[in-house]
1. Could you say whether any residue in region A:38-60 is touching a Cys at 6+ places or on another chain (Cβ under 6 Å) and not small (Gly, Ala, Ser)?
2. Could you run through region A:85-100 and say how many residues are at the interface with chain B (Cβ under 10 Å from one of its Cβ atoms) and touching a helix residue (DSSP H, G or I) at 6+ places or on another chain (Cβ under 7 Å)?
3. Working only within region A:15-53, note down all residues that are within 13 Å of ligand 2 (Cβ to nearest atom) and over 22 Å from residue A:198 (Cβ atoms).
4. Could you check how many residues of region A:15-51 are near ligand 1 (Cβ under 9 Å from one of its atoms), out of contact with any Phe, Trp or Tyr (no Cβ under 8 Å at 6 or more places or on another chain) and farther than 23 Å from residue B:282 by Cβ?
5. Taking the options A:79, A:118, name whichever one is away from chain B (no Cβ under 14 Å) and part of a helix (DSSP H, G or I).
6. Quick one: residue A:106 ticks every box in (1) of a type outside the set (Val, Ile, Thr); (2) within 13 Å of chain B (Cβ to nearest Cβ); (3) within 16 Å of ligand 2 (Cβ to nearest atom) except a single one, so which number is it?
7. Quickly run through region A:1-39 and pick out the residues that are among the small types (Gly, Ala, Ser) and loosely packed, with under 14 Cβ neighbours inside 10 Å.
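Only the coordinates and a few stated rules stand behind these numbers; no lab work does. Values in this document were obtained by computation on a predicted structure and should not be read as measured data. Positions of Cβ are generated from backbone atoms using ideal geometry, with glycine treated the same way; all protein chains shown enter the neighbour counts.
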Amino acid sequence: MNDMIVIQDLHKYFGHIEAVKGVDLTIRQGEVVIIIGPSGSGKSTVLRCINHLETPTSGGIYIEGLHLEDKKTDINAVRAEVGMVFQQFNLFPHLTALENVTIAQRLVRKRDKAEAERIGMEQLARVGIPEKAGAYPRQLSGGQQQRVAIARSLAMNPKIMLFDEPTSALDPEMIKEVLDVMLDLAKEGMTMVVVTHEMGFARSAADRMVFMDGGQVVEIASPDELYNNPQHERTKLFLSKILTH
Amino acid sequence: MAGPDLASPSSLDSFDKRNGSTTNWRDFPWWLVAIFFFLGIMAFLIIRQPGPHLLVRIVDAEEADGETITAEFDNLRGVVREDEAIVGAPSSGEPFDLAIAELPEARIQTFAQLEQAVQPLIDGEIDALLLDKQTARTLVAENEETLTSVLAVPNAYNEAFIFIFPGITTTLYLTLGGFGLALVFGLLAGLGRISQNRLIRNIAITYVEFIRGVPTLVLILTLAFVIVPAVSDSIGIDNRDVSIELRAILALAIIYGAFLAEIFRAGIESISKGQMEAARSLGMTARQAMQYIILPQAIRNISPALGNDFIAMLKDSSLASVLAVRELTQRSRLHAGSTFRFPESYLVIVFLYLAMTITLSLFLRWYERRIRVGE
Ligand SMILES: Nc1ncnc2c1ncn2[C@@H]1O[C@H](COP(=O)(O)OP(=O)(O)O)[C@@H](O)[C@H]1O
Ligand SMILES: [Mg+2]
């Protein structure tokens, strides 16, 4: 299989704080990688470096062989191939669901209105809320908003999807509808990097799980291995905390 | 964690709302009633036809012969025209304080007409007559016992209004032109303030701080008489070709641009970082994200503040009168200067400015409520 994302010795400082301390990770095409770890362990920072929302202090990120730190790399073109779903949804509140899903297609992919809307409606149908096309984000529930956010990324036909705690801001009854969409996506072969603590989802979707702590990758394993036979003390401690929850 | 949290802000909110729904007269906008009352009175004074109505106060006949004698009526001051005089009949030996005289529309030309007009005066049916000075002198000389010369304050609101009102076109033109340009300057400077480029940022900061540190009136004079000539010289335009109205518009735009820059900056910074990140993560350029995602939201948020500044500029357009631009204020000054009718001249523009600003701010409140409901 091809390497989709290669992270080499990634370091990231915020002022004097070293949020990421030398992370190496390679993610192959079609792979679903789930990152877990305590709050502040650098999970979001790693994810955000993958589409350059954060610029690494040192180290390299390669997407399909393209070196992101290279000045010649068109970062906007790369980002169009890398969808990102945020904890807070970040839908555009002044646009309807359909407009949210079409605006980047039109501006970045240069699709005409009719085509963008056709693809947009397809994606809204895929996440299960085509009837909300004309609704504004404030008129949608959290779960619906997050599904529109997923549709917005998918409408760009990305090769990679990044999810940063996509269900953490949701009321419990809405978590499943979002996870179901993500699970379908994983089954369809999307390359996904997901930060989440939804262990049921992780078990059924993940090819590999990454446990991070203190800005470093502590352990990488399959879900079964990680849950049943964690190798490191820190992993055991963390899992014991979240699994009894 | 579980259980109803009675002290939570949302439960307090609904409590307040329930209380607020009962009529509370202290919340009634009495000040608005006062303003409309004032506007109503002014409108009445303005609409009244000039001519027959006079508010007069008797003064000594000798005094009335002077060329410009000032009459006082409450706080109002004014003079009759040089060739006019008021003839009145004191009901007792004491001069009466105030009388309202109905005067004939047409000037008295024949002796018969004069007799006809004077009789009610002598009979005490009316209190005063406006006559040309010569006739007044004769009349007073012939009837020393009963008549005396009085001075009038013609209620000339209508006259003042007719002279001043055309200035409203210029006032609106200055305000709309100035504000339109100020929006452009303000947006550019506001974007400059948050630019990644240090030079651009410093230019924007200098502009804003410079403008905010100098009085508006001084800026208007400086921009119109120093900066515009200097700039037009340097780009080879005869500065006399730059009309004074255009200078006023440029001055207002440059001044308000600095204030709007801060509003735009605050508006852009009020949009959560996640919006820019979401837009960029979809592959939009920084410029596309600003244009299609950030600015539309920012402008909506700041539109009430922009509206307030529009009203402020409408008022500050009066400062253009120092450039002799014939807007409302300058026309009032001209009218006051030539007629000495200060109260009429200035109260008319107070009325006009208030009528415009109140209308605009009521509209603004309605709009604010509307966008808040939309949220
Ligand atoms: N923009 C930022 N500025 C300063 N510090 C940051 C910033 N983003 C993250 N950090 C810090 O970096 C560390 C890792 O953060 P993050 O990657 O968000 O962790 P996680 O997602 O695992 O909770 C934390 O200590 C956090 O406070
Ligand atoms: Mg995080």
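1. Step one: filter region A:38-60 for residues touching a Cys at 6+ places or on another chain (Cβ under 6 Å), giving A:56.
Then keep just the ones that are not small (Gly, Ala, Ser); that gives A:56.
For region A:38-60, residues touching a Cys at 6+ places or on another chain (Cβ under 6 Å) and not small (Gly, Ala, Ser): present.
2. Number of matching residues: 11.
3. Just the residues of region A:15-53 that are within 13 Å of ligand 2 (Cβ to nearest atom), to begin with: A:19-20, A:35-49, A:53.
Within region A:15-53, A:19, A:20, A:49, A:53 meet the criteria.
4. 8
5. Numbers: A:79 fails: away from chain B (no Cβ under 14 Å).
Going through A:79, A:118 in turn, the sole match is A:118.
6. It is condition (3) that residue A:106 fails.
7. To start, the set of residues in region A:1-39 that are among the small types (Gly, Ala, Ser) comprises A:15, A:19, A:22, A:30, A:37, A:39.
Answer for region A:1-39, where residues must be among the small types (Gly, Ala, Ser) and loosely packed, with under 14 Cβ neighbours inside 10 Å: A:15, A:39.
Residues are listed down the side, and each one gets a yes or a no for (1) touching a residue at least 12 places away in the same chain (Cβ under 8 Å); (2) within 16 Å of ligand 2 (Cβ to nearest atom); (3) away from every other protein chain (no Cβ under 14 Å):
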| position | (1), (2), (3) |
| --- | --- |
| A:143 | yes, no, yes |
| A:153 | yes, no, no |
| A:161 | yes, no, no |
| A:167 | yes, yes, yes |
| A:185 | yes, no, yes |
| A:193 | yes, yes, no |
| A:226 | yes, no, yes |
| A:243 | yes, no, yes |
